[in-house]
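Just so you know, all these numbers are worked out from the coordinates, no wet-lab data involved. Predicted, not measured: the structure shown is a model, and the values here were computed from it. So basically every Cβ, Gly included, is an ideal-geometry build from the backbone, and we count neighbours across all protein chains shown.
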Amino acid sequence: MENKSCLIDLKNISVSFDGVQILDKLNLSIKDGEFITFLGPSGCGKTTTLRVIAGFLQPDSGDVLFENKNMNGVPPHKRQVNTIFQRYALFPHLTVAENIAFGLKVKKTPKAEIAAKVQEMLTLVNLKGFDDRMVESRSGGPQQRVAIARALAVDPQVLLLDEPLGALDLKLRKDMQVELKKIQQSLGITFIYVTHDQEEALSMSDTIVVMDGGKIQQIGSPTDIYNEPKNAFVADFIGESNIVDGVMHADKIVEFSGHVFDCLDKGFGKDEAVDVVVRPEDVDVVPVEKGMLTGTVTSVTFKGVHYEIIVDIGGFLWMIQSTDIQHVGDKIGLEIEPDAIHIMKKSEYSGTFGDFSSYSEEFDELSDVNAGVSREDEEDE
Ligand code: ATP
């Protein structure tokens, strides 16, 4: 992506509603042809950022630039963007083809051109031959495809997608993730995607923007975000993690959980307090006498590929993943290689996550509660 030019710049964007700061001096550059994802928990400001880019919402302060041109005050239909909402907002009384043709008709595109474009879009989204079906009769998956085709038919430079797969069941969602990525790559246009699902973000994106509390916590490639989280929030939100307090004694030497470890990180102050993250898949189980750390197994869950084992180490519960079974009550040793240890600066999030964290599960519970809640105003637009 390094050679691509910058398409959209957000400069110091701030938004507040009823005196509550929702976006706080947000700065972001989006490259042409990039698949970029805003990822974060409910209420962190993802949709608000999308609405600012689309032009549905004017920021209180800051600038939105498209190819260095200031877009402040430019209405949505005059921006080279189109949006797909979670609930698609299709026209139920129109056929599949009429839905796809809608934007082109509004633009007064010649009939033959519309017909050709509709066929091209039907092929792109695998709905060839479904032209005359009523949209109402289509289920979630196909409706999703119609929504994509309709949004792409007008050749937007940028497609904004707000949790577009949120209403689909897991299997369909996975299939559509692959298809969406393929479509984006084949068209080469910029996709700006909003999701709270970390796996979805990791598997589809060129760049992930992790947000919390109206602020960007980290911008990076999926591997950067996973392997080099900037703070405890990112480490907790992306994947499963053990986040513990540590002290950097010197470059590449850190102490945590009562043991001094070699690591790869440097540049911290002598004896600086830090947060240490270790992923569950990076901890090896060894005999007690060989363990850098020792603990007692408190739970074992078979997950198919591995066992998820919770180990009490000095009162802090660690999650580890191993293909070897252990038993509740077993005393085990644990070994952690230097490259499995990642050191982070202390932040406002330090100490807030307690034992091992598995944010996705917490979030699934939360989103079940929130399912079906959606903003109507934009969808009716
Ligand atoms: P979600 O997935 O729940 O939509 P999000 O990260 O997209 O989360 P936003 O929709 O951007 O979050 O909302 C951020 C905060 O701003 C929330 O607390 C929301 O209630 C509030 N908010 C959004 N739009 C408005 C509005 N028009 N008026 C008042 N508050 C709003």
So what's the back-of-envelope 222 nm ellipticity for the chain, counting only DSSP H runs of four-plus at -39500 (n - 2.57) apiece and dividing by all residues, rounded to 500? -7500 deg cm²/dmol
Kirkwood hydrodynamic radius (C-alpha pairs) into Stokes-Einstein, the chain, 20 °C and 1.002 mPa s, D in µm²/s: 93 µm²/s
Lys/Arg +1, Asp/Glu -1 at C-beta; the chain dipole; positive extreme among Thr123, Met319, Ser186: Thr123
Looking at the stretch 6-227, what % of its DSSP beta bridges pair antiparallel, to the nearest 5? 55 percent
May I ask for the Rg/Rh ratio of the stretch 54-133, computed from Cα atoms with Rh as the Kirkwood radius, given to two decimals? 1.07
So which DSSP H runs in the chain come out at 30 Å plus along the axis (Cα) with average Kyte-Doolittle of at least 0.0? none
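Would you mind calculating the relative contact order of the stretch 242-352 from Cα pairs under 8 angstrom and at least 6 residues apart, reporting the percent as a whole number?
Numbers: 259 pairs, mean separation 33.8, N = 111.
RCO, the stretch 242-352: 30 percent.
In Å, what Kirkwood hydrodynamic radius results for the stretch 1-138 from the alpha-carbon pair distances?
Numbers: mean 1/r = 0.0572 Å⁻¹.
In the stretch 1-138 this quantity evaluates to 17.5 Å.
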With the 8 Å Cα cutoff and a minimum separation of six or more residues, the stretch 52-93 has a relative contact order in percent of 36 percent
Over the stretch 159-208, what per residue volume does the convex hull of the Cα atoms give, in whole Å³? 70 Å³
Taking only the alpha-carbon atoms of the stretch 213-288, the convex hull volume per residue, in cubic angstrom, is 116 Å³
Short version: ³J(HN,Hα) in whole Hz for each residue of the stretch 206-217, in order, from phi by Karplus 6.51 cos²θ - 1.76 cosθ + 1.60 (θ = phi - 60°), x for Gly and Pro, what are they? 7, 9, 10, 10, 8, 10, 7, x, x, 10, 7, 8
The Cα extents of the stretch 242-352 along the principal axes, largest first and rounded to whole Å, are 41, 30, 25
Give, rounded to the nearest 20 debye, the magnitude of the charge dipole that the chain has about its Cα centre when Lys and Arg contribute +1 at Cβ and Asp and Glu contribute -1 at Cβ. 1960 debye
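For the stretch 93-211, give the magnitude of the charge dipole about the Cα centre (Cβ charges: +1 Lys/Arg, -1 Asp/Glu; no others), in debye to the nearest 20. Display every interim value, and only then the final one.
On the way: 15 positive and 16 negative charges, 88 e Å.
Charge dipole of the stretch 93-211: 420 debye, to the nearest 20.
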A convex hull over the alpha carbons of the stretch 109-268 yields, per residue, a volume in Å³ of 152 Å³
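Expressed in nm to one decimal, what extension gain is obtained for the pair Val328 and Lys111 from 0.36 nm per residue of sequence separation less their Cα-Cα distance? Provide the component values of the computation, followed by the final result.
Values: separation 217, 0.36 × 217 = 78.12 nm, distance 6.99 nm.
Between Val328 and Lys111, full extension yields 71.1 nm more.
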If I stretch the segment between Asn72 and Lys174 completely, what's the gain in nm (0.36 nm per residue apart, minus their alpha carbon distance), one decimal? 33.1 nm
So for the stretch 6-227, Kirkwood radius off the Cα pairs, Stokes-Einstein at 20 °C and 1.002 mPa s: how many µm² s⁻¹? 119 µm²/s
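Under the 0.36 nm per residue contour assumption, what length would be gained going from the current alpha-carbon distance of His249 and Asn227 to full extension? Don't skip to the answer; put the middle values down first.
Details: separation 22, 0.36 × 22 = 7.92 nm, distance 2.22 nm.
That pair, His249 and Asn227, stretches by 5.7 nm at full extension.
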Relative contact order (percent, whole number), the chain, Cα cutoff 8 Å, 6+ residue spacing: 15 percent
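Assign unit charges at the C-beta atoms only (+1 for Lys and Arg, -1 for Asp and Glu), then state the dipole size of the stretch 6-227 relative to its Cα centre in Debye, rounded to the nearest 20.
Details: 25 positive and 26 negative charges, 131 e Å.
It works out to roughly 640 debye.
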How big is the antiparallel share of DSSP beta bridges in the chain, given as a percent to the nearest 5? 80 percent
